[in-house]
Each structure stands twice: as C-alpha cells, then as structure tokens.
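Undergrad: Next up is a structure, given as structure tokens.
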Amino acid sequence: MTNPQWTEVDQYFTDTIAPADEALTAALADSAAAGLPEIAVAPNQGKLLQLLARTQGARSILEIGTLGGYSTIWLARALPEDGRLITLEYDPAHADVARANIARAGLDKTVEVRTGAALDTLPQLETEGAGPFDLVFIDADKVNNPHYVTWALKLSRPGTLIIVDNVVRGGGVATPHPDDPAITGTREMFDLVAREPRLDATALQTVGAKGYDGLLLARVVG
Ligand SMILES: C[S@@+](CC[C@H](N)C(=O)[O-])C[C@H]1O[C@@H](n2cnc3c(N)ncnc32)[C@H](O)[C@@H]1O
C-alpha cells in the first residue's frame, strides 16, 4: 500500500531534518545497481534508528538483516569511536555490497558484517561472548522473528533496546493468516513478547515512502 502524499511528506521530513550525505546516497545507489531489492529503511527511519541508538548511549549494536548496509551506516554513526556493530546477513552478495558501502562511509573499523543464516551465526556470537548488546535491530526474514527476539534477549542486558521492523504486514498482523509465514512469525513474536516478563514493549503503525508498515520497540527490563 503506497500513497503519493505519504512519500511527499517523508521527502519533506528527510530534506528538512534528516538529510542524506554522500555515503548514504551512494550506499542506496550501489545497492540498486547491484540488483539488491529496494527494501532498506527510509532515510527518516534510519535517522530514527540513529537517534534511538544515541539516546540509548549505545556502545554495541547487533543488527539482523544487513542488505546493502544502509540502516547499518545510520546506526553505526551513533556509536562512539570505540563502539562496535555486528550485522548478520544471509546472502553473500548482499554482504559484499554492504562491506563496500560501509568502508566508503569510513565505518569498516566499527562494523563487522557476518555472512550466513542468522540462526547459525547468532549461536556463534553467544559462544564468543560477543554480548551483551545495547541495541538490537531485527530486520531479516520475518518468519524467524520469534527466534530472533529470543536470541536478542540472550545477547542483551537489562536496558537493552530491541527494535523489530516491518511488523504490520499490510495490516495482516491483526488476524491469523496460516498461509502467510511472515505474518505467522510476526504474530508468534508478539505472543512471545506479550508473555515475556523481561520485555516491556509497544508497537507503532507507520506510513511513508515505504508504504504502510510499523515497528516494535521492546526494552529489556530484567
Ligand atoms: C529488509 S532487508 C534488511 C534491510 C536493512 N536492514 C536496511 O534497512 O538497510 C532483509 C535482509 O535480511 C537478509 N536475510 C534474510 N534471511 C536471513 C537469514 N536467515 N539470516 C540473515 N539474514 C537474512 C536478506 O538477505 C536481506 O538482505
């Protein structure tokens, strides 16, 4: 679902208070040129992620779902010089584009792109003692969202902020859709968050250049 007015207003917000710079613009251009799907967050959403990371005082960030590294760059710029961001990407071609985009943004010392299915790379992070992360951004295959939130909790501390993108599914999230694994996974994630006493959460619907969607925000409280 899209609407020209939503796009126009997003453009206005982006132009006035969340302008892209050369590295961000080039990251999107090179991602498109490499044939990656145009499903990165919108610029004003990237800025929201950055503001949340800064508000959080994040020193360590975990991202699940890198694509071309666009949201990665917004998030990594919130980190202090000695901060770190690990981002997990299944598709090696996406990871290669992301690494180049991240290096051009001057963030290759801060960001590590790990290739592989996140359900394989997340246990490795635990084994390495890579956590706890101050912020986790989940934006990969939606069917695995319940597993990703469970892993985010394992790799968190009280105070960690967990953000899950694309939770509205065109409005489908409100009712069961047994034939749609992304909706089913998202609803299972909401059930998990609802019964998890260590999470305090809300979710918001959004409209904009990326259409009708939304995100879940959860704070680890214990
Ligand atoms: C919506 S895109 C990420 C967009 C990115 N966060 C941004 O806003 O710039 C989702 C990405 O998750 C990746 N992905 C899908 N399944 C995955 C899995 N099982 N493990 C890790 N990454 C996966 C896809 O290849 C794709 O690049």
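The values are calculated or read from the model by the stated rules, or taken from the named source; none is laboratory data. This one's a predicted model, so the numbers in the text were calculated from it and none came from an experiment. A quick note on method: Cβ atoms are made from the backbone with ideal geometry, for glycine too, and the neighbour counts reach across all protein chains shown. Keep in mind that these areas ignore ligands, DNA and RNA; they rest on the heavy atoms of the full protein, side chains included. Shrake-Rupley method; radii C 1.70, N 1.55, O 1.52, S 1.80 Å.
Undergrad: Checking residue 204 against (1) more than 16 Å from the chain's Cα centre (by Cα); (2) over 23 Å from residue 119 (Cβ atoms); (3) open to solvent by 50 Å² or more (accessible area, probe 1.4 Å), which single condition isn't satisfied?
TA: Just one mismatch for residue 204, condition (1).
Undergrad: May I ask you to list pairs of residues, at least six apart or on different chains, whose Cβ atoms are under 9 Å apart, with the first in the stretch 164-185 being in contact (Cβ under 8 Å) with a residue 60 or more places away in the chain and the second being open to solvent by 30 Å² or more (accessible area, probe 1.4 Å) and in a helix (DSSP H, G or I)?
TA: The qualifying pairs are 165/45.
Undergrad: Could you say which residue among 186, 175, 121 is polar (S, T, N, Q), farther than 22 Å from residue 58 by Cβ and open to solvent by less than 30 Å² (accessible area, probe 1.4 Å)?
TA: 186
Undergrad: Let me ask something additional. Tell me which residues, restricted to the stretch 129-146, are open to solvent by 60 Å² or more (accessible area, probe 1.4 Å), over 21 Å from residue 76 (Cα atoms) and either more than 11 Å from the ligand (Cβ to nearest atom) or touching a helix residue (DSSP H, G or I) at 6+ places or on another chain (Cβ under 6 Å) (or both).
TA: The one that is open to solvent by 60 Å² or more (accessible area, probe 1.4 Å), over 21 Å from residue 76 (Cα atoms) and either more than 11 Å from the ligand (Cβ to nearest atom) or touching a helix residue (DSSP H, G or I) at 6+ places or on another chain (Cβ under 6 Å) (or both): 143.
Undergrad: Examine the stretch 109-116 for a residue that is open to solvent by less than 10 Å² (accessible area, probe 1.4 Å), closer than 19 Å to residue 34 by Cβ, within 9 Å of the ligand (Cβ to nearest atom) and at pLDDT 95 or above, and state whether such a residue exists.
TA: no
Undergrad: Do the conditions hold for residue 78, that is, is it buried (at least 17 other Cβ atoms within 10 Å of the Cβ), modelled with pLDDT of 95 or more and more than 7 Å from the ligand (Cβ to nearest atom)?
TA: Taking the combined requirement at face value, the residue satisfies it.
Undergrad: Only one of (1) assigned to a helix (DSSP H, G or I); (2) within 15 Å of the ligand (Cβ to nearest atom); (3) surrounded by fewer than 19 Cβ atoms within 10 Å (Cβ to Cβ); (4) of a type in the set (A, V, I, L, M, F, W, C) fails for residue 39. Which number is that?
TA: (1)
Undergrad: In the stretch 9-34, what residues are in contact (Cβ under 8 Å) with a residue 12 or more places away in the chain, open to solvent by 40 Å² or more (accessible area, probe 1.4 Å) and within 15 Å of the ligand (Cβ to nearest atom)?
TA: Answer for the stretch 9-34, where residues must be in contact (Cβ under 8 Å) with a residue 12 or more places away in the chain, open to solvent by 40 Å² or more (accessible area, probe 1.4 Å) and within 15 Å of the ligand (Cβ to nearest atom): 20, 28, 30, 34.
Undergrad: Anything in the stretch 47-74 that is more than 7 Å from the ligand (Cβ to nearest atom), in a helix (DSSP H, G or I) and not aliphatic (A, V, I, L, M)? List them, or say none.
TA: Answer for the stretch 47-74, where residues must be more than 7 Å from the ligand (Cβ to nearest atom), in a helix (DSSP H, G or I) and not aliphatic (A, V, I, L, M): 47, 50, 54, 55, 74.
Undergrad: Of the conditions (1) under 24 Å from residue 40 (Cβ atoms); (2) modelled with pLDDT of 95 or more, residue 170 clears all except one; give me its number.
TA: Of (1) under 24 Å from residue 40 (Cβ atoms); (2) modelled with pLDDT of 95 or more, only one is false for residue 170: (2).
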